[in-house]
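The values are calculated or read from the model by the stated rules, or taken from the named source; none is laboratory data. Note that this is a predicted model, so its numbers are computed, not measured. Neighbour counts are summed over all protein chains in view; Cβ atoms, including those assigned to glycine, are modelled from backbone coordinates with ideal geometry. Accessible surface areas use protein heavy atoms only, side chains included; no ligands, DNA or RNA. Shrake-Rupley method; radii C 1.70, N 1.55, O 1.52, S 1.80 Å.
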Amino acid sequence: MRQTNHIEQKVLEQDEQKAYEYALKLLTRREYSRKELYLKLKQRYGHELAAETLQHCIRANLQSDERYTQMLARHMVYQGYGPIKFAMSCKSQNISSEISQTILQETDWLEVCVEIMRKKAPRYLNEGEDAQAKPDFAQKQKIMAMLYRRGFTSTLISEALEAYARKTDF
């Protein structure tokens with residue numbers, strides 16, 4: 001009986017080590033939210049070991065929701081998505097609103113919106129027509145709808161349209 005407990009203890013220690021190594025393997029590739037990392041660990045090692053490994057990673061500062069949120073914001077900006085889409089992604093990953101609000105305030109979403117307009121607006125403007133003509137109402141609506149779908153607020157879109165008009169002959 002005593003030897004059986006000893007064997008079970010060794011197996012448990014090996015599982016803990018494997019779970020920790022798997023978490024390290026995941027975290028060396030990219031940042032993960034607590035929720036993502038827990039779900040990946042739970043798939044392989046079950047609830048109890050996943051929760052224990054996650055807490056170990058958090059204590060060792062290997063996993064950080066703040067770092068994950070910063071990475072997510074950079075990714076969203078690079079992909080051309082706005083603050084609404086960012087906030088929804090944070091909410092789906094159970095990121096605290098305090099962390100996501102901090103990152104939301106640090107990011108210049110107006111500049112992001114204007115940059116997206118600079119890149120994408122020519123597609124919607126005067127397709128096949130005189131490139132010098134002023135955009136009509138329908139073309140502006142298409143641009144606004146595209147920005148709205150990407151997660152920008154109507155206020156940001158209006159401000160971006162004004163800023164873009166000042167920079168170009170819009």
Could you check, for the range 61-83, whether at least one of its residues is in contact (Cβ under 8 Å) with a residue 60 or more places away in the chain and open to solvent by 30 Å² or more (accessible area, probe 1.4 Å)? yes
Can you tell me which residues in the range 35-70 are part of a loop (DSSP other than H, G, I, E, B) and either more than 22 Å from Lys91 (Cβ to Cβ) or hydrophobic (A, V, I, L, M, F, W, C) (or both)? Ala60, Asn61, Leu62
Condition check: in a helix (DSSP H, G or I) and within 27 Å of Glu21 (Cα to Cα). Does Arg74 satisfy that? no
Does Tyr32 fit the bill of being part of a loop (DSSP other than H, G, I, E, B), within 18 Å of the chain's Cα centre (by Cα), modelled with pLDDT of 95 or more and within 25 Å of Tyr148 (Cα to Cα)? no
I'm trying to understand the selection: among the residues of the range 120-160, which are open to solvent by 20 Å² or more (accessible area, probe 1.4 Å), in a helix (DSSP H, G or I) and either at pLDDT 90 or above or β-branched (Val, Ile, Thr) (or both)? Gln141, Lys142, Met144, Ala145, Tyr148, Arg149, Ser154, Thr155, Leu156, Ser158, Glu159
